[in-house]
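Rule-based calculations on the coordinates, nothing more; no lab input. Since the structure is predicted, the reported quantities are computational estimates derived from the model, not experimental observations. Note: ideal-geometry Cβ built from the backbone for every residue, glycine included; neighbour counts use all protein chains shown.
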Amino acid sequence: MAPITRMAAFGRGAIPTSAGLRVGLGRVVSVLFTLLGLLALTFFIGRLLPADPVLAVTGPEVTKATYDRVYLELGLDRSVWQQFLGYIGGVLQGDLGRSTTTGQPVMQDLMRAFPATLELSLAAAIVGSAVGIPLGIAAAVNRGSWIDHIARIIGLAGYSIPIFWMGLMGLFLFYAKLHWVGPSGRVDIFYEGMVPPVTGMMMVDAAIAGDWTVFRSAFAHLILPASVLGYYSTAYISRMTRSFMLEQMTQEYVIAARAKGLSRSAVIWRHAFKNIRVQLLTVVALVFGGLLDGTVLIETVFGWPGVGQYLTRGLQFNDINVVMSTVLMIGVLFLTINVVSDWLYRRLDPRTR
């Protein structure tokens, strides 16, 4: 009977393992197909842009012989599918082409601009979480009160007011009138180049170097664009937090905790909030992904030298390689954040396994 028992136990354990492998392989295949679709999208965006890729390289004043030579060098004489396969091969090798506006490889430009966008997005996500989560909890536990109405007004304004207008008004009020924050850019011109780049994020590099004067200047330049961008994430985070908390406050375990005589703060923070932390982690992760690709207008308004401003310049000058590569990078980042947040959700919440 012992061998049969062991075989039966093995059989019972083998089913979940096999199912887990199938689920894992399915996710890998899904991610690969998504990446392939993203590559196809960026490739055909480049082909649909109203710009001649040859003239973007050579300029408008070019002889026919030079035009034909560049046309062949770019592989435009091949079929669309051959060009697409060549594009995939270049991307896999880290070759995103060369920017016609900077004259540098696009990959090099993106690696230089991305830390600025990452710093701004991280700061905005911190602002949005620090304000949105407590606001959403307060709105849920005081449903129908003036706090709830204020939270709804803040959320409605966050969805309604154009972000570029809020950025301009912020510069006018807090910089031009009150002088509380720094002007456009990442740091005062006097301090540019004084801190050796380690991470590419100005405040982090200044802290590593121990140069607190540059740190304060970088903070003064960062706080306003991060607050404006974070306000829009606050609207979404507070709304989702309120929804999660309202659902938990009607559960039986909360009613039982109240019946036991636990304090209101203990019921809210030790019981209800504890059960929505994993959901909020996913929400904040997705908000952060949205901030990475939503900084275009803010970077343009505040002269922030990040990926958004780089993409804007590429669109202005019909720099096809810049547009294609930036869209591809943003898509890969958002996909990566989705995969990581889904993995964290499953790891932290056993009910989803």
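Sequence-distant or interchain residues sharing an amide H contact under 5 Å with Arg98, placed H: which?
Val106
What share of all Cα pairs of region 110-243, in percent, falls into each consecutive 5 Å distance bin?
Distribution as computed: 2, 11, 16, 18, 17, 14, 10, 7, 4, 1, 0 percent.
For Gln251 and Thr336 in the same chain, what is the full-extension length gain: residue separation times 0.36 nm, less their Cα-Cα distance, in nm?
Full extension from Gln251 to Thr336 adds 27.2 nm.
Counting alpha carbon pairs within less than 8 Å and at least 6 residues apart, what relative contact order, in whole percent, applies to region 211-302?
RCO, region 211-302: 39 percent.
In terms of Cα to Cα distance under 26 Å, which lysines are near enough to Lys260, apart from those fewer than 8 places away along the same chain?
Correct list for Lys260: Lys274.
When the chain is modelled as a GNM with alpha-carbon springs shorter than 10 Å, which of Phe302, Phe190, Phe43 fluctuates the most?
Of the options given, Phe190 has the highest mean-square fluctuation.
For n ≥ 4 DSSP H runs only, could you compute -39500 (n - 2.57) per run for the chain, divide by its residues and tell me the 222 nm figure to the nearest 500?
Calculated from helices alone, the mean residue ellipticity at 222 nm is -24000 deg cm²/dmol.
Mean separation of Cα pairs under 8 Å and 6+ residues apart, divided by the residue count of the chain: what relative contact order is that in percent?
24
Based on the alpha-carbon gyration tensor of the chain and its eigenvalue square roots a ≥ b ≥ c, which shape applies: rounded if a/c is under 1.5, prolate if not and a/b is larger than b/c, or oblate?
Because a/c hits 1.5 or more and a/b fails to exceed b/c, the chain counts as oblate.
Taking the beta-carbon count within 10 Å as an exposure proxy, list Glu61, Glu247 from fewest neighbours to most.
So the ranking, lowest neighbour count to highest, is Glu61, Glu247.
Starting from the eigenvalues of the Cα gyration tensor, five times each then square-rooted, give me the equivalent ellipsoid semi-axes of region 193-348, largest first, whole Å. Walk me through the numbers before you get to the answer.
Numbers: eigenvalues 302, 89, 41 Å².
So the three semi-axes of region 193-348 are 39, 21, 14 Å.
Can you tell me which lysines have their Cα less than 25 Å from the Cα of Lys64? Leave out same-chain residues fewer than eight positions away.
Lys64 reaches no qualifying lysines.
Taking the Cβ of Val54 as the center, what net charge do the other residues with Cβ under 12 Å away carry, scoring Lys and Arg +1 and Asp and Glu -1?
Numbers: positive: Lys64, Arg69; negative: Asp52, Asp68, Glu73, Asp77.
Summing Lys and Arg as +1 and Asp and Glu as -1 gives -2.
What distance in nm separates the simple spin-label points at Arg264 and Ser79, each placed 7 Å from Cα in the Cβ direction?
7.1
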